[in-house]
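Data block below; observations after.
The values are calculated or read from the model by the stated rules, or taken from the named source; none is laboratory data. Predicted model only: the values in this text are computed from it and were never measured. All Cβ positions, even for glycine, are placed from backbone atoms using ideal geometry, and neighbour counts span all protein chains on display. For the accessible areas, the whole protein counts, side chains as well, though only heavy atoms, and no ligand, DNA or RNA atoms are used. Shrake-Rupley method; radii C 1.70, N 1.55, O 1.52, S 1.80 Å.
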Amino acid sequence: MGNNHEMNRENMLDKVISIDYDYLTGLASRRGLYDYYYSLDKDKVVHAMFIDIDNFKRVNDVYGHSMGDKLLIGISELIQSNTQGFTCRMGGDEYVVLFDGAIPEEEMCAIAERLLAGMEQMDYRKDVRSLISLSIGIVLEQPVSQALDEVLAKCDSAMYQAKYDGKNRYTIYKAYDKTIEINRNIELEMEAALENGEFQVFLQPKMNMLTSAIYGAEALSRWVHPVDGIRHPVTYIPLFEKNGFISKLDMYVYEQVCRIKAGWTGKSYEHIPISVNMSRLHLYNRDFPNVLKSIADKYQIPLSELEIEITESIFIKDHEELIRMVDILRELGFLVSIDDFGSGFSALNLLKDLAVDTVKLDKEFLQVSSNTSRGKKVIRNVIGLCRDLKIDVVTEGVETKEQIDFITSCGCPIAQGFYYSKPLPLEDFELFAEEYASSTLKGCRFPLDGNLLSEDETLEGVYNGEMPIYTDGIFKDSKAFYFPGGEVSENTLRIPNEVLISDSFTISLWMKSEVNHPWTSAFYVKFETGFCSIMPYAWDSVSSFRVRDSKEVYGWYDVSACPLLPGNWYHYVATYNSKTEQAVAFINGEVVGVLQNIPINRFVKTIMLGGDAYQQSFKGNLCELIIYNETKDYDFVNELHQSYVQREDFVAKLTE
C-alpha cells in the first residue's frame with residue numbers, strides 16, 4: 001500500500017509545472033497549493049487534512065518569534081515524515097496536506113494519530129511543549145471537480161470541531177454543524193469586541209450570612225453585543241479557553257476591576273476585596289505576578305484587596321509549577337483562592353499542598369452533598385479542615401434559607417449566590433454595596449456615655465439589671481456605665497452578637513474596678529466552642545485575657561498582664577489573630593502579654609459586659625468599648641491610646 005501511495009504522490013506532483021514555496025519551512029505555500037490542486041485531473045478524488053498548532057500565538061508572545069520559527073520548522077518536518085501527500089504551509093501555524101483518494105479511512109486516522117503522538121515526543125522544552133498540541137481536521141473523498149475553497153472549508157470546519165472538543169485530537173468531517181458556524185463567528189468578532197469595550201464587568205456580591213453585610217465580590221464578564229444584546233459567559237468562555245483568547249479577556253477584566261476600585265475612594269465599600277478568575281495559561285508565564293502587580297500599582301490598589309481565583313481542575317496538570325506560582329502571588333501580597341472546590345477529585349490533595357487564602361465550595365458540591373446526612377458530614381468536615389488550616393471558605397450557589405442555616409452551622413459565614421444577588425452591572429452593584437456595607441466590619445463603638453447605643457445608633461445594648469447608672473467618664477463632662485456587681489450574670493449588659501463576625505478580632509475598652517474579685521469578667525464572649533474573657537484580677541492578682549477551648553480538657557489559655565489597682569482607669573486592649581493563633585494584651589497602649597498557639601473559637605453566642613456565666617459580676621465602670629473584626633498591631637493600639645490621653649478634656653486617673 002505504501003509504495004502505491006508514493007507512486008500516486010509522484011504522479012500527482014508530475015502534473016505541476018511550478019510550485020511556490022514557503023521561505024521558512026521549504027513547504028509549498030498557499031499559492032503553491034492552489035496551483036497544485038488546479039493542475040489535477042477533474043475526475044480525481046482527494047482526501048484533505050487541515051492541521052493547526054494549538055496555542056502557537058502564546059509561544060510567540062511568551063518565548064519570542066525565534067522559538068516560534070523553530071517550532072514551525074520542526075512541525076513541518078514532523079508532517080513530512082509522517083504523511084504521503086502534498087504538504088503546504090497555509091500561513092501562520094496552519095498546514096494542509098492533500099492525499100490520493102484511494103487511501104482508506106483507517107489509514108488516514110493512523111496518520112493523524114502518528115502526528116499527534118509525534119508532537120508530544122518532540123524535543124522541546126517542557127514548558128513550551130506543555131502549551132502546544134495539534135488540532136487536525138480531515139475530509140475524505142472529495143472530487144477535484146469542486147472548488148478547493150469548498151474542500152478546505154470542510155476540513156477547516158472539522159479542525160475547528162477538534163479544537164472545540166478540547167484540542168490535541170483529530171476529527172473527520174461528517175456533516176454541517178451549526179455550532180461550528182456560531183463559534184467561528186464568535187472568533188471573528190472577539191478581538192474587535194474587546195477593543196470596542198463590548199465586554200463589561202459585572203460584580204456578584206459575596207455576603208456575610210451572619211450579618212447580611214457585604215464581604216467582597218467576584219468579577220464576571222458579560223459580552224454586550226450590538227446585535228444580540230447580552231451574551232452570557234457560557235456562550236463564549238468555553239470557546240475562549242480552547243482558543244487561548246481567555247488570556248486577553250482575563251487581563252482586560254482584571255484591569256477594569258483595578259479601574260473600578262480606584263473610583264471607590266471614600267465609599268463605604270472602598271476596601272472590599274474583588275476576585276478575578278485567571279486561566280491556567282497565565283500560570284506558565286513567569287512574569288504574570290509582576291504584570292498583575294504593575295497594573296494594580298498604576299491604579300494604586302492595595303494587592304490585599306485583589307483576589308486571584310484559580311479553578312481547582314487546573315492543578316491536575318503541572319501541579320508543582322502552579323503551586324510555585326501561587327506562592328509567588330501570595331508573597332507579593334495578593335489573595336489567592338481555589339474556585340469550584342469539590343468539583344474534581346484532587347480537592348484534599350490541594351489542601352495539603354497549596355497555601356491559599358480562600359477555598360470556594362462548588363455550587364454542585366453544595367447542592368448534591370447537602371441532600372444526605374452523609375454528604376452534610378462531608379461538607380461540615382471539609383469546612384472544619386479548611387478553617388483549621390487557616391483557609392477561609394466561601395460557599396457558592398447559595399439559593400435558599402435552609403442552605404444558609406446549614407452552611408453557617410458548619411462554620412462558613414461567607415456565601416455567594418442568587419439568594420443575595422445575581423451578578424450586577426457596576427451601577428447596580430454600587431447601590432447594593434452602599435446598602436449592605438457595614439461599619440461593624442471595621443469596628444463598632446459603644447461609648448456608653450449616657451446611653452446604650454452604638455456610635456452610629458444602629459445597635460443597642462440590653463441591660464438585665466435595674467435602671468442603668470452612669471457616673472463620671474474618662475473625659476470632662478462625659479459618662480461611663482456603672483456596674484453594681486451581683487451574682488452570676490446579674491447586672492450585666494448584652495451587646496448584639498453581630499458586632500463580632502470574624503475569627504480575628506480586637507477588643508478595646510476603658511475600665512475602672514471598685515473591687516477585684518478573682519476571675520470576674522469585665523468583658524466576656526461565649527462562642528459555640530468556648531469563650532474569651534478580659535479579667536481585671538486573675539492569676540497572682542494580675543489581669544488576664546483568657547481564652548477557653550472547650551474541645552480540649554486542658555484548653556485554658558491565659559495572656560497574663562499586670563495588676564490593675566481598684567479605683568484607677570485602665571485602657572485594656574486584647575487582640576487575637578486566627579491566622580497565627582496569637583493573642584496579645586495591651587494596657588495603656590503598651591504590650592503586657594503575648595501567647596502563641598491558641599485555638600480558634602467560632603460562632604458567637606453571647607457578648608456580655610460586666611460579668612460572665614461562671615463568676616459573680618464585675619463592680620465598677622466601663623466605657624469606650626470598640627470591637628474590631630480584625631487584628632490591630634502595636635502602632636494602631638498605641639495611636640488609639642494616645643488619641644484618648646492627649647485630648648484636652650481627658651481627666652481619667654491613670655496608673656503606669
Which of Arg494, Arg58, Arg129, Arg387 is most accessible, then next, and so on - probe 1.4 Å: Arg494, Arg129, Arg58, Arg387
Which distance in nm do the two modelled labels at Glu331 and Asp69 give, with both placed 7 Å along the Cα-to-Cβ direction? 3.5
When the chain is fully extended, how far beyond the present Cα-Cα distance does Gln646 get from Asn381, taking 0.36 nm per residue of separation? 90.4 nm
Would you indicate which of (1) 1.30; (2) 2.47; (3) 0.96 is the value of Cα Rg over 2.2 N^0.38 Å derived from the coordinates of this structure? (1)
Along the dipole axis of segment 36-149 (charges at Cβ: +1 for Lys and Arg, -1 for Asp and Glu; origin at the Cα centre), the most positive-end residue among Ser145, Ile132, Phe99 is Ile132
With unit charges on the beta carbon (Lys/Arg positive, Asp/Glu negative), name the residue among Asn497, Gly465, Tyr284 whose Cα is farthest towards the positive pole of the charge dipole of the chain. Gly465
Debye, to nearest 20: dipole size of segment 207-287, +1 on Lys, Arg Cβ, -1 on Asp, Glu Cβ: 60
At a Förster distance of 56 Å, what's the computed FRET efficiency of Lys126 paired with Val488, Cβ-Cβ distance as r, to 0.05? 0.25
Given a Förster distance of 25 Å, report the FRET efficiency between Glu106 and Asp165 from their Cβ-Cβ distance, rounded to the nearest 0.05. 0.75
Give me the number: length gained by fully extending Tyr614 to Glu321, i.e. 0.36 nm times residue separation minus the C-alpha to C-alpha distance, one decimal in nm. 100.1 nm
Could you give the size of the charge dipole of segment 439-503 about its Cα centre, using +1 on the Cβ of each K and R and -1 on the Cβ of each D and E, expressed in debye and rounded to the nearest 20? 140
Beta bridges per DSSP with both ends in segment 160-315, % antiparallel, nearest 5: 65
Using R₀ = 51 Å, calculate the FRET efficiency as 1/(1 + (r/R₀)^6) where r is the Cβ-Cβ separation of Tyr470 and Asp228; round to 0.05. 0.20
In whole angstrom, how far apart do the alpha carbon centroids of segment 236-302 and segment 519-571 sit? 45
Probe 1.4 Å, protein heavy atoms only - accessible area per residue of the chain in square angstrom: 44
Rounded to the nearest 10 degrees, what's the angle between the helix 65-82 long axis and the longest principal axis of the chain, both from Cα atoms, 0 to 90? 50
Highest to lowest packing among 119-126, 479-486, scored as the average C-beta count within 10 Å: 479-486, 119-126
Suppose each label sits 7 Å from its Cα in the direction of the beta carbon; what would the His271-Ala192 distance come out to in nanometres? 4.6
Quick check for me: using +1 on Lys/Arg Cβ and -1 on Asp/Glu Cβ, what's the dipole size of segment 464-595 about its Cα centre, in debye to the nearest 20? 160
I'd like to know which of Met159, Phe240, Gln204 lies farthest towards the positive end of the charge dipole of segment 147-268, counting +1 on Cβ of Lys and Arg and -1 on Cβ of Asp and Glu. Gln204
Where the centroid of each part is defined by its Cα atoms, how far is segment 85-145 from segment 584-620 in Å? 71
222 nm mean residue ellipticity, helices alone, for the chain (DSSP H n ≥ 4; -39,500 (n - 2.57); rounded to 500): -10000 deg cm²/dmol
Rounded, prolate or oblate (a/c below 1.5 giving rounded, otherwise prolate when a/b exceeds b/c) for segment 373-419 by Cα gyration tensor: oblate
Which percent of the accessible heavy-atom area of segment 240-326 goes to carbon and sulfur, probe 1.4 angstrom? 49
Compute the angle between helix 246-262 and the longest alpha-carbon principal axis of the chain, please, reported from 0 to 90 degrees and rounded to the nearest 10. 30
Kirkwood Rh (inverse of mean 1/r, distinct Cα pairs), segment 500-560, angstrom: 12.4
Just to make sure I understand: if all protein chains stay in place, what is the order of Thr471, Thr25 by accessible area at 1.4 Å, largest first? Thr471, Thr25
Could you state how much accessible area His271 has, in square angstrom rounded to the nearest 10, with a 1.4 Å probe and all protein chains kept in place? 90
Zone of Glu514's modelled label, taken as backbone nitrogen in segment 587-617 under 16 Å from a point 7 Å along Cα→Cβ: 610-611, 616-617
Among 409-417, 165-173, how do they line up by average Cβ neighbours within 10 Å per residue, starting with the highest? 409-417, 165-173
Probe radius 1.4 Å, ligands and nucleic acids left out: which of Asp635, Asp612 has the largest accessible area, and how do the rest follow? Asp635, Asp612
